[in-house]
Amino acid sequence: MRFKRLLITAALCLTGMFLIVRGAQFLSDARSSGEIAPTSAVQAGSLSGEESASSAVPMEEDVSGRFDAALWPETVKQGGFIRLVVVGEGAETVEVENPLGQEVRWGWHRGVRTALLPVSWTAETGDYVFTIRGGNRVQQLPITVADGEFPVQELTIDTSLTQSTLNSDSANAEYMERAQPVKSEFTGNGLWKGIFLRPVDGGWRSTEFGSIRYVNGSFAERHGGEDLAVAAGTPVYASNSGRVLFAEYLTLTGNTVCISHGLGLKTWYYHMNELWVQPGQDVNKGDVIGLVGSTGFSTGAHLHFGATVGTLWVDPELLLSGTVLPE
Ligand SMILES: [Zn+2]
C-alpha cells in the first residue's frame, strides 16, 4: 500500500514537472506568436470568432476539461503553505475545492497559472484531498498535514513593557487597524526572483515560528514569525523582490515593513530602529529596507521576520529553504 502510494506520488511529481515545463513553453509560444490573448478567455473567444470564416476550429468547442493540476509539497507541516499550479487550455476556468478552507486566488508565476495556499497552524493533522474541476474532468490531489512541532516559550518580562505593548488594547487596536488590512492585498503576478534571502547577516534564531508563548505565567500569543537576534544597526535586507505595502511605526511591533511578493505572499519585518523605504516603493532582493533595533514589544535588538499567505502566518523558513518556491 505504502509502496503504491510512493509510486503514485513519484508519478504525480514527474507529471507535474513535465506539465509545468510544457505548459510554460506552450503559453510563451502562444503569446509570442500572437495566437492567444494574454489572459482573457473573452478575448481569446473573439479572436477565434474573427478567424472562424477561414478556420476549421469549431467556435463552440468546450476546452474547460483540458487541464492538468499539480501541487507541492505533498506533505506540509501546520503553518506551512502549498503551491498549486494548473496548465492547459482549460486552466483559467477550473474550480478548486480546498479541504483546508482557505480562499483560492489565482495568478501567474513564470507563465504558469499559480495559487499559493496557506495551511493554518491550527489545521488538524491528517490526509486531505484537493478536488479540481473543469468541464467533465475531475482531478484529485492528495496532501498530508503533519504536526508543526511548535515549541513552548516562557518569558519573564517587565510589566511596564507588556502593559504598554502586548497587553495594551490601544496598541493591539492600532495594529489591527493599520497593519491587518494589508494582508488582504493581492497582486496577480509573482514578483519574487529565486529563493528568498535571510534578511540579516549573522546572529542566531532566538524564537521559532509558531512558538506558543507564555509571558509572566499567562498564555500571551502564538509567535507569527521567527526572531533573529543580531546587533542593533545591522542592515535589514528585503528577503526578495516586490513592492513595499507598509512602512511605519506601530506601538506593538515598532518600526514595521511589509513587502508584497505577489500572489498574496508577503514578508514582514518588525522592531527596526530606522525605516529606509516607503509604501509604494519597488524593492529588489537584497535592498536595505532599514536597520535592526528594539522598538515595540521587544526586550533586545533583534529582527522579527514573518511571512503571510493570504491572512495567515506561515513559516518563513520555507521561503529561505526554497522548499515550496524553488524559483
Ligand atoms: Zn518576534
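The values are calculated or read from the model by the stated rules, or taken from the named source; none is laboratory data. Just so it is clear, the model here is predicted, and its values are computed rather than measured. When we count neighbours, we look across all protein chains shown, and the Cβ atoms used for this are built from the backbone with ideal geometry, even at glycine.
Annotation note: of THR144, THR162, the sole residue that is farther than 28 Å from TYR249 by Cα and of a type in the set (Ser, Thr, Tyr) is THR144. Evaluate the following for GLY296: is it in contact with a strand residue (DSSP E or B) (Cβ under 9 Å, 6 or more places away or on another chain), farther than 24 Å from TRP121 by Cα and not in a strand (DSSP E or B)? Yes: the conditions hold for GLY296. For the stretch 257-269, filtered to residues that are in a strand (DSSP E or B) and under 23 Å from THR122 (Cα atoms), the residue that is nearest to the chain's Cα centre (by Cα) is LEU265. A count restricted to the stretch 199-209 and to residues that are in contact (Cβ under 8 Å) with a residue 40 or more places away in the chain and within 11 Å of the ligand (Cβ to nearest atom) stands at 4. One residue alone among THR162, THR114, THR122 is assigned to a strand (DSSP E or B) and touching a residue at least 12 places away in the same chain (Cβ under 8 Å), and that residue is THR114.
When you scan the stretch 252-263, do you find a residue that is more than 21 Å from GLY322 (Cα to Cα), assigned by TED's automatic domain parsing to the domain that holds PRO279 and without any contact (Cβ under 8 Å) to a residue 12 or more places away in the chain, even just one?
Residues of the stretch 252-263 that are more than 21 Å from GLY322 (Cα to Cα), as a first pass: 252-257.
This time we only want the ones that are assigned by TED's automatic domain parsing to the domain that holds PRO279, so: 252-257.
Among the residues that remain, those that are also without any contact (Cβ under 8 Å) to a residue 12 or more places away in the chain are: none.
The answer is no, given that none of the residues of the stretch 252-263 is more than 21 Å from GLY322 (Cα to Cα), assigned by TED's automatic domain parsing to the domain that holds PRO279 and without any contact (Cβ under 8 Å) to a residue 12 or more places away in the chain.
Of all residues in the stretch 235-256, those that are crowded, with 20+ Cβ neighbours inside 10 Å, in a loop (DSSP other than H, G, I, E, B), within 16 Å of the ligand (Cβ to nearest atom) and among the polar types (S, T, N, Q) total 2. Among residues of the stretch 223-249 that are over 22 Å from GLU185 (Cβ atoms), those with a Cβ under 7 angstrom from a residue that is within 16 Å of the ligand (Cβ to nearest atom) and among the basic types (Lys, Arg), sequence gap 6+ or separate chain, pair up as HIS223/ARG213; GLU226/ARG205; ASP227/ARG205; LEU228/ARG205.
In the stretch 56-93, of all residues being in contact (Cβ under 8 Å) with a residue 60 or more places away in the chain and over 24 Å from the mean Cα position of the chain (by Cα), the one that is farthest from GLY107 (Cα to Cα) corresponds to ASP62. Screening ARG113 against (1) crowded, with 17+ Cβ neighbours inside 10 Å; (2) within 21 Å of THR311 (Cβ to Cβ) leaves a single unmet condition, (2).
Under the condition of being acidic (Asp, Glu) and either free of Cβ contacts under 8 Å to residues at least 24 places away in the same chain or more than 23 Å from SER294 (Cα to Cα) (or both), the residues counted in the stretch 129-157 number 2. Of all residues in the stretch 118-163, those satisfying the criterion of being more than 22 Å from LEU325 (Cα to Cα), touching a Gly at 6+ places or on another chain (Cβ under 7 Å) and surrounded by 14 or more Cβ atoms within 10 Å (Cβ to Cβ) are GLY134, GLY135, ARG137, PHE150.
Only residues that are in a strand (DSSP E or B), more than 13 Å from the ligand (Cβ to nearest atom) and within 22 Å of GLU174 (Cα to Cα) were counted across the stretch 270-292, and they come to 3. I want to confirm something. Restricting to the stretch 215-234 and keeping residues that are among the small types (Gly, Ala, Ser) and more than 23 Å from ASN273 (Cβ to Cβ), which single residue is nearest to the ligand (Cβ to nearest atom)? Applying the filter and picking the extreme gives ALA220. Criterion applied to ILE259, ILE212 was being within 16 Å of the ligand (Cβ to nearest atom) and either under 23 Å from ALA115 (Cβ atoms) or surrounded by fewer than 20 Cβ atoms within 10 Å (Cβ to Cβ) (or both), and the one residue passing it is ILE212.
Which residue is surrounded by the fewest Cβ atoms within 10 Å (Cβ to Cβ), if the candidates are limited to the stretch 172-188 and must be of a type outside the set (A, V, I, L, M) and over 17 Å from GLY310 (Cβ atoms)? So that I can check it myself, show each step before the final result.
The first filter runs over the stretch 172-188 and keeps only residues of a type outside the set (A, V, I, L, M), leaving 172, 174-175, 177-178, 180-181, 183-188.
If we keep only those that are over 17 Å from GLY310 (Cβ atoms) as well, we get 172, 174-175, 177-178.
On the way: ASN172: 14, GLU174: 16, TYR175: 17, GLU177: 10, ARG178: 17.
Going through the qualifying residues, I end up with GLU177.
Screening the stretch 296-316 for residues that are more than 12 Å from the ligand (Cβ to nearest atom) and among the hydroxyl-bearing types (Ser, Thr, Tyr) and picking the one that is modelled with the lowest pLDDT gives THR311.
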